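Notes to accompany the following structure.
The values are calculated or read from the model by the stated rules, or taken from the named source; none is laboratory data. All figures in this text were calculated on a predicted structure; none of them were measured in a lab. Because the Cβ atoms are built from the backbone with ideal geometry, glycine has one as well, and the counts that use them run over all protein chains shown. Accessible surface areas use protein heavy atoms only, side chains included; no ligands, DNA or RNA. Shrake-Rupley method; radii C 1.70, N 1.55, O 1.52, S 1.80 Å.
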Amino acid sequence: SQQGEEDPQALSIQEGENATMNCSYKTSINNLQWYRQNSGRGLVHLILIRSNEREKHSGRLRVTLDTSKKSSSLLITASRAADTASYFCATDGNDYKLSFGAGTTVTVRA
Amino acid sequence: SQTIHQWPATLVQPVGSPLSLECTVEGTSNPNLYWYRQAAGRGLQLLFYSVGIGQISSEVPQNLSASRPQDRQFILSSKKLLLSDSGFYLCAWSVNRRLYSSHSNQPQHFGDGTRLSIL
């Protein structure tokens, strides 16, 4: 079943601007992961944040996690055309599975 | 380094025909393996996962089946395809968390997918 839900569904920004997308979930998690999917390709893992972490950085990516609100955000700074993709959050429960949201489609305009 | 191969990239099949999609992983041992289906513009639906040879867990009852005949080989099959089986099928692997006595799932690494069209 789908636990994570991304918001917004779609986002269009100018190159150089920042892009922020949010993920909400319903049950307790061990960790939350963000993935990117280019059109017609498989998903690529971007970043994992554990339930006891509040913020994590990786290059131009910044992820926050608020377990009290059951939400996470992904910020892409100084966006580039190559950042055009769909972004998915995935929550890790107490089994061997990840639950993926429906994704946010980001379009970066040159 | 680890790699995952999934084939074919594109497949067009008539309704009622059989299906076999194959996925292999290199460079790691005893991985967790996953099959997902993705409808156009949607998220991923987990179909099957496996934590070891011959161990298959089914998430969604349907006319698909999966097998893991070897440690790094995962096969998705159907005896008779339906129109509703059309979609983008993705295979993924992750490090088996039991090897690390961990309760957390590790990141998953995906193949490039198979676009399946049923006519």
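Brief remarks follow.
- Label-to-label distance for B:Thr3 and A:Ala82 is 2.1 nm, based on points extended 7 Å past Cα in the beta-carbon direction.
- Each principal axis of the Cα atoms in the protein assembly as shown has its own extent, and those three values, largest first, are 48, 43, 34 angstrom.
- q = 0.20 Å⁻¹: log10 I(q)/I(0) that the Debye formula gives for chain A, counting C-alpha atoms only: -1.00
- For q = 0.15, 0.31 Å⁻¹, Debye-computed log10 I/I(0) when each Cα of the stretch B:31-78 counts as one equal scatterer: -0.37, -1.18
- Interface area, chains A and B: about 1900 Å² of buried accessible surface, summed, with a 1.4 Å probe and ligands, DNA and RNA left out.
- Cα-based Rg of the stretch B:40-119 normalised by 2.2 N^0.38 Å, two decimals: 1.19
- Of every Cα-Cα pair in the stretch A:1-61, the percent that sits beyond 20 Å: 36
- Residues B:Val25, B:Val60, sorted by accessible area with the largest first, give B:Val60, B:Val25 [1.4 Å probe; ligands and nucleic acids excluded].
- With N counted as the residues of the stretch A:39-102, its alpha-carbon radius of gyration over 2.2 N^0.38 Å works out to 1.20.
- Excluding same-chain neighbours fewer than eight residues apart, the aspartates and glutamates reachable from A:Lys97 by a Cα-Cα span under 16 Å are B:Glu59.
- The residues A:Ser28, B:Ser94, sorted by heavy-atom accessible surface at 1.4 Å with ligands and nucleic acids left out, run A:Ser28, B:Ser94 from largest to smallest.
- Given charges at Cβ of Lys, Arg, Asp, Glu: the stretch A:10-84 dipole, positive-most of A:Ile13, A:Ser28, A:Val63: A:Ser28
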